[in-house]
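The values are calculated or read from the model by the stated rules, or taken from the named source; none is laboratory data. What you see is a predicted model; the values in this text were computed from it and never measured. Cβ placement follows ideal geometry from the backbone for every residue including glycine, while neighbour counts extend to all protein chains displayed.
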Amino acid sequence: MPKFEHHIFICTNQRPPENPRGCCDPAGLGQLQLLFKKELAARGVKGKIRANKAGCLDQCEHGPTVVVYPDAVWYSGVTVDDVPEIVESHLINGVPVARLQMREACLNTQQCEHRK
Ligand code: FES
């Protein structure tokens, strides 16, 4: 079996509503991951690109959080409406969706303006 060309990790972590960090999938439905899988299948790339559920990716304040490897492109605030665009633009055509990319200043820092 050939290697996957991309892995998409979709945070499906849940926390109680009172948690100050929030979480990416408060309803626990995993809708984003299911939609990524559906969009990949519809484009016939299911065996080349894999959409995996992930636990907390430690970017909770920017969630829902998605990261695409090997590109290491991080997306924040992803909604179900954004999934077809990410698949078509980034994964099929190789152009990351700039409007959804997490700012470098926000990634893996304790001093981000979004952290409480
Ligand atoms: S809960 Fe999704 S990144 Fe932490």
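For this structure, a couple of remarks:
- Leading residue by the ranking (nearest to VAL73 (Cα to Cα)) among those in segment 1-17 that are in contact with an Asp or Glu (Cβ under 9 Å, 6 or more places away or on another chain) and either more than 14 Å from the ligand (Cβ to nearest atom) or without any contact (Cβ under 8 Å) to a residue 24 or more places away in the chain (or both): HIS6
- Residues of segment 35-52 that turn out to be within 16 Å of the ligand (Cβ to nearest atom) and either farther than 15 Å from VAL80 by Cβ or part of a helix (DSSP H, G or I) (or both), as a count: 2
- Filtering LEU32, LEU57 for residues that are under 12 Å from the mean Cα position of the chain (by Cα), within 11 Å of the ligand (Cβ to nearest atom) and over 21 Å from ARG115 (Cβ atoms) leaves a single hit, LEU32.
- Considering residues of segment 63-75 that are within 15 Å of GLY22 (Cβ to Cβ) and either out of contact with any Gly (no Cβ under 9 Å at 6 or more places or on another chain) or at pLDDT 95 or above (or both) only, the residue nearest to the ligand (Cβ to nearest atom): THR65
- The condition of being in a loop (DSSP other than H, G, I, E, B), modelled with pLDDT of 95 or more and surrounded by 13 or more Cβ atoms within 10 Å (Cβ to Cβ) holds for only one of VAL87, VAL78, VAL83, that being VAL78.
- The number of residues in segment 38-60 being surrounded by fewer than 19 Cβ atoms within 10 Å (Cβ to Cβ) and either touching a Pro at 6+ places or on another chain (Cβ under 9 Å) or free of Cβ contacts under 8 Å to residues at least 24 places away in the same chain (or both) comes to 7.
- Within segment 90-113, residues that are assigned to a loop (DSSP other than H, G, I, E, B) sit with their Cβ atoms under 8 Å from residues that are surrounded by fewer than 11 Cβ atoms within 10 Å (Cβ to Cβ) and modelled with pLDDT under 95, at 6+ positions apart or across chains, in these pairs: CYS112/ALA105.
- Residue within segment 18-26 that is hydrophobic (A, V, I, L, M, F, W, C), within 12 Å of the ligand (Cβ to nearest atom) and either touching a Gly at 6+ places or on another chain (Cβ under 6 Å) or more than 16 Å from HIS90 (Cα to Cα) (or both) present: yes
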